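*Asks:* Below is a structure I'd like to ask you about.
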Amino acid sequence: MIEIFGMPLSVIAGQTMLGLVNGCFYAVLSLGLALIFGLLRIVNFAHGAFFMAGAFGAWMLLRFVGIGYWWSLLLVPLLVGLVGALFERTLLSRLRGLDPIYGLLLTFGLVLVLEGGFRLLFGSSGQPYPVPNALKGTLQLGFMVLPVYRAWVIAAALAACALSWWLIERTPLGAQLRAATEKDALTQSFGINVPRLLTLTYGAGIALAAFTGVLAAPILHVNPSMGSDLVIVVFAIVVIGGMGSMFGSIVTALAIGVIEGWTKVFYSEASSTIIFVLMALVLLLRPRGLFGREGTA
Amino acid sequence: MAEALIEIDDLCAWYGPSQALHGIHLEVLRGEIVTLLGRNGAGKSTLLKSVMGIVPRRSGSIRLAGRELIDLAPHQIGRAGVAYCPDDRGIYATLTVRENLLLPPVVAAGGLSEAELMGLFPNLATRARSAGTQLSGGEQQMLAIARILRTGARVLLLDEPTEGLAPVIVDRIGELLAQLKQRGYTIVLVEQNLHFAAELADRHYLVETGRVVDEYDRAALASNMEQVAARLGV
C-alpha cells in the first residue's frame, strides 16, 4: 500500500476528491458573490440564505409537486433568481450611493427573514433529499472509489463556471456588464440601462447560489442553517481571491476546498480554521487579494 | 434661420454641497458647432455632464428639440440622440478596442457602420483585439469619437478632444469635426485650444465660475482674440 506522510494513498485521494467537491460548491458560490460585489458593490450577506433556499426549493418541488432533481436544476435557479431580482429592484436598489453599511444591514436582515421563515415552516432538523437514480453508485478508479454523484457535482459546477465566464467575457451583454463595472455613469450616457443591468446581475448571482443549493441537496442535509455555515467560508475565499476577480474566486475556491480536505487528513483540528489563517495572511501581505485588481481592496 | 435644437435655461448643478453651475443660459442651433471657453474649473465640463444627466444634482431646464431632459435618467438622454465624449476619453480597460467601439448601442438610424468607421480610422482595425487602454492618446481619442459616431446620435458633446495630442492629430480631428458639421451634426465643444475653437466653431460662450459671462460669434472672436485669450489666462 502506497503511503504519503504516513497516510494511505486511497485516503488522501478520497479526501482530495471530497475537498474538490467542496471546492466546487465554494467556486460557484464565490463566483456569484464576486459577480454581485464587482458590479453592485454590495456585500451580499444573503448569498448563503439563497443557497439554502435553492436546496429547499428542490426539496419542496419534490415533496409537494412531485418534480424531481433534473427539472429542479433548471426551475429552482430561475425561480429563486427571480425572487432575488425582485428584491434588488424593490429594496436593494434604493440603497445605491448610500453608505455600504446599509447594504450589509439589508442583506443581513434578509438572511434572518429567510432562515427564520424556513425554520418556521419546516423546523431546524435536516430534510433528506435523494440522489437521483441516474447518478447513484460509484466509479472504481483503482486507487480510490468515487461516488458518481460527486463526479457529477464537479462536472456541473465547472460547467456553470465555464458558462458564466463565456457570458461575461465573450458576449455583448458581458461587455456591457464589464463596462458598467468599470465606469457606471459613462456607460449609462451611451444609452445602456445600467440599473436594469444591476437587477439582472443580482438575479444571476442569486440563481448561481440557488443552483449550488440544488447540487448540494443530496449531499448535505437540507436545513435552514446550511447556508450560514458555508457563507463565511465563501466570504473568506472571495477576500483571498480578490473582491473584483471572478477567475480569482474560482481558482481560490477549488484550492481552498482541496487544502481543507488535506488538513482534515493530516491535522484535522485545524481544518475549520485553516482558511481564516490563510485569509489573515493574504490581508497582511497582499490586501487586494491574490488575483485582485488595484482599487478593490 | 435654423431653429434652436438645445435650449438651456437657469441650469444649476451641485456636487454634494458645492454648487458648480449658477443659472446657465445658452442655446445651440441645429447644425451649429458651439464651443464653451473658460479657465480650468469654470464649469465647462460640468455643463456637458449636466446635459447628459451624470451630475449628482441639477435643476433648471434643458430642452432638446422642445423635449425636456432635466428629469430624465442618463441612459434615456443617450437614447434621445445625445452622445458624450469625456475629457479623459473614457476608454474601457476591461474591453477590447472592438468591444469599446461596439459598446454604445445604436439609438437612431444614420450612424456610421463598423466598416465605414474602420475605413476612417484604420488603426482601430489593426488593434481590434488589444485592450482599449493599450492604444496611444491620439488613437484613444479617435476610438472615443468613432464609437459615438456609430450610434446615430446627431448631437455630440465633446470635452477637450484635442487635449494633449500632437498637432497632426489635432488637425485630423478638426477636419473630422468640420466634415460632421457638413453632414448636419450639432456639436458642443469644450476647448482650451483657442485657435482650434476659433477656426472651427460658429459661436462661442465664455464660462466663468459657473456662469455664462459672454458670447461671441465667429467674427467677434476673430477680432477680439487677444482680449479673450487674456480672460482665459493663456
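The values are calculated or read from the model by the stated rules, or taken from the named source; none is laboratory data. These figures come from a predicted structure and were not determined experimentally. So basically every Cβ, Gly included, is an ideal-geometry build from the backbone, and we count neighbours across all protein chains shown.
*Asks:* From A:Gly48, A:Gly97, which residue is buried (at least 17 other Cβ atoms within 10 Å of the Cβ), out of contact with any Asp or Glu (no Cβ under 6 Å at 6 or more places or on another chain) and not β-branched (Val, Ile, Thr)?
*Replies:* Selected residue: A:Gly48, the only one of A:Gly48, A:Gly97 that is buried (at least 17 other Cβ atoms within 10 Å of the Cβ), out of contact with any Asp or Glu (no Cβ under 6 Å at 6 or more places or on another chain) and not β-branched (Val, Ile, Thr).
*Asks:* Touching a Ser or Thr at 6+ places or on another chain (Cβ under 6 Å) and hydrophobic (A, V, I, L, M, F, W, C): is that true of B:Leu189 in this structure?
*Replies:* Values: touching a Ser or Thr at 6+ places or on another chain (Cβ under 6 Å): yes; hydrophobic (A, V, I, L, M, F, W, C): yes.
Answer is yes for this residue.
*Asks:* Next up: Considering only residues that are touching a residue at least 24 places away in the same chain (Cβ under 8 Å) and of a type in the set (Val, Ile, Thr), look in segment A:188-207 and name the one that is farthest from the other protein chains (Cβ to nearest Cβ).
*Replies:* Residue satisfying both the conditions and the ranking: A:Ile206.
*Asks:* Being over 16 Å from the mean Cα position of the chain (by Cα) and within 9 Å of another protein chain (Cβ to nearest Cβ) is the filter; apply it to segment B:53-78 and report the residue that is surrounded by the fewest Cβ atoms within 10 Å (Cβ to Cβ).
*Replies:* B:Pro56
*Asks:* Which one of A:Leu91, A:Leu106, A:Leu114, A:Leu95 is modelled with pLDDT of 90 or more and under 29 Å from A:Val153 (Cα atoms)? Can you show your working first?
*Replies:* Values: A:Leu91 fails: under 29 Å from A:Val153 (Cα atoms); A:Leu106 fails: under 29 Å from A:Val153 (Cα atoms); A:Leu95 fails: under 29 Å from A:Val153 (Cα atoms).
Only one candidate qualifies: A:Leu114.
*Asks:* Consider A:Ile274 carefully, then state whether it is away from every other protein chain (no Cβ under 14 Å), surrounded by 24 or more Cβ atoms within 10 Å (Cβ to Cβ) and more than 23 Å from A:Leu73 (Cβ to Cβ). Even if it seems obvious, please write down each step before you answer.
*Replies:* Details: away from every other protein chain (no Cβ under 14 Å): yes; surrounded by 24 or more Cβ atoms within 10 Å (Cβ to Cβ): no; more than 23 Å from A:Leu73 (Cβ to Cβ): yes.
So A:Ile274 fails the test.
*Asks:* Scan segment B:123-164 for residues that are within 18 Å of B:Arg183 (Cβ to Cβ) and either part of a loop (DSSP other than H, G, I, E, B) or in contact with a helix residue (DSSP H, G or I) (Cβ under 6 Å, 6 or more places away or on another chain) (or both) and jot them down. Quick ask: steps written out before the conclusion?
*Replies:* Step one: list which residues in segment B:123-164 are within 18 Å of B:Arg183 (Cβ to Cβ), which gives B:142, B:145-158, B:161.
Once the filter is applied, which keeps residues that are within 18 Å of B:Arg183 (Cβ to Cβ) and either part of a loop (DSSP other than H, G, I, E, B) or in contact with a helix residue (DSSP H, G or I) (Cβ under 6 Å, 6 or more places away or on another chain) (or both), segment B:123-164 yields B:Ala146, B:Arg147, B:Arg150, B:Thr151, B:Gly152, B:Ala153, B:Arg154, B:Leu157, B:Pro161.
*Asks:* Still on this structure, I have one more. If only one of A:Leu220, A:Leu278, A:Leu230, A:Leu215 is over 26 Å from A:Pro128 (Cα atoms) and not basic (Lys, Arg), which one is it? Even if it seems obvious, please write down each step before you answer.
*Replies:* On the way: A:Leu220 fails: over 26 Å from A:Pro128 (Cα atoms); A:Leu230 fails: over 26 Å from A:Pro128 (Cα atoms); A:Leu215 fails: over 26 Å from A:Pro128 (Cα atoms).
One residue alone meets the criteria, A:Leu278.
*Asks:* If I ask for residues that are surrounded by 22 or more Cβ atoms within 10 Å (Cβ to Cβ), more than 12 Å from A:Ala58 (Cβ to Cβ) and in contact with a Gly (Cβ under 6 Å, 6 or more places away or on another chain), which ones from segment A:213-239 would you list?
*Replies:* Matches in segment A:213-239: A:Gly227, A:Leu230, A:Val231.
*Asks:* Then there's this: Residues of segment A:85-94 being surrounded by 13 or more Cβ atoms within 10 Å (Cβ to Cβ) and not hydrophobic (A, V, I, L, M, F, W, C), which ones?
*Replies:* Narrowing segment A:85-94 to residues surrounded by 13 or more Cβ atoms within 10 Å (Cβ to Cβ): A:85-89, A:91-93.
Scanning segment A:85-94 gives A:Glu88, A:Arg89, A:Ser93.
*Asks:* Sort through A:Leu104, A:Leu139 and tell me the only one that's more than 14 Å from chain B (Cβ to nearest Cβ) and under 17 Å from A:Gly32 (Cα atoms). Steps first, answer last, please.
*Replies:* On the way: A:Leu139 fails: under 17 Å from A:Gly32 (Cα atoms).
From the options A:Leu104, A:Leu139, the qualifying one is A:Leu104.
*Asks:* Scanning for something touching a residue at least 60 places away in the same chain (Cβ under 8 Å), within 30 Å of A:Ser10 (Cβ to Cβ), under 20 Å from the mean Cα position of the chain (by Cα) and not in a helix (DSSP H, G or I), does segment A:129-144 turn up at least one residue?
*Replies:* yes
*Asks:* Output yes when any residue across segment A:279-287 is farther than 24 Å from A:Ala46 by Cβ and in contact with a helix residue (DSSP H, G or I) (Cβ under 6 Å, 6 or more places away or on another chain), and no when none is.
*Replies:* yes
*Asks:* Given the options A:Ala151, A:Ala156, name the one that is at pLDDT 95 or above, part of a helix (DSSP H, G or I), within 30 Å of A:Ala255 (Cα to Cα) and more than 14 Å from every other protein chain (Cβ to nearest Cβ).
*Replies:* Working: A:Ala151 fails: at pLDDT 95 or above.
On inspection, the qualifying residue turns out to be A:Ala156.
*Asks:* Inside segment B:184-234, can you point out the residues that are β-branched (Val, Ile, Thr) and over 14 Å from B:Ile33 (Cα atoms)? Step through it out loud before you land on a result.
*Replies:* Here is the first cut: in segment B:184-234, the ones β-branched (Val, Ile, Thr) are B:186-188, B:190, B:207, B:209, B:212-213, B:228, B:234.
Of everything in segment B:184-234, those that are β-branched (Val, Ile, Thr) and over 14 Å from B:Ile33 (Cα atoms) turn out to be B:Val207, B:Thr209, B:Val212, B:Val213, B:Val228, B:Val234.
*Asks:* Only one residue in B:Leu48, B:Leu95 is buried (at least 21 other Cβ atoms within 10 Å of the Cβ), touching a strand residue (DSSP E or B) at 6+ places or on another chain (Cβ under 7 Å) and either within 13 Å of chain A (Cβ to nearest Cβ) or of a type in the set (Phe, Trp, Tyr) (or both), so which one is that? Explain how you work it out, then say what you get.
*Replies:* Details: B:Leu95 fails: touching a strand residue (DSSP E or B) at 6+ places or on another chain (Cβ under 7 Å).
Criteria check complete, one pass: B:Leu48.
*Asks:* Looking at A:Ala185, A:Ala175, A:Ala210 in this structure, which one is within 14 Å of chain B (Cβ to nearest Cβ), buried (at least 21 other Cβ atoms within 10 Å of the Cβ) and in a helix (DSSP H, G or I)? So that I can check it myself, show each step before the final result.
*Replies:* On the way: A:Ala185 fails: buried (at least 21 other Cβ atoms within 10 Å of the Cβ); A:Ala210 fails: within 14 Å of chain B (Cβ to nearest Cβ).
Matching residue, one of A:Ala185, A:Ala175, A:Ala210: A:Ala175.
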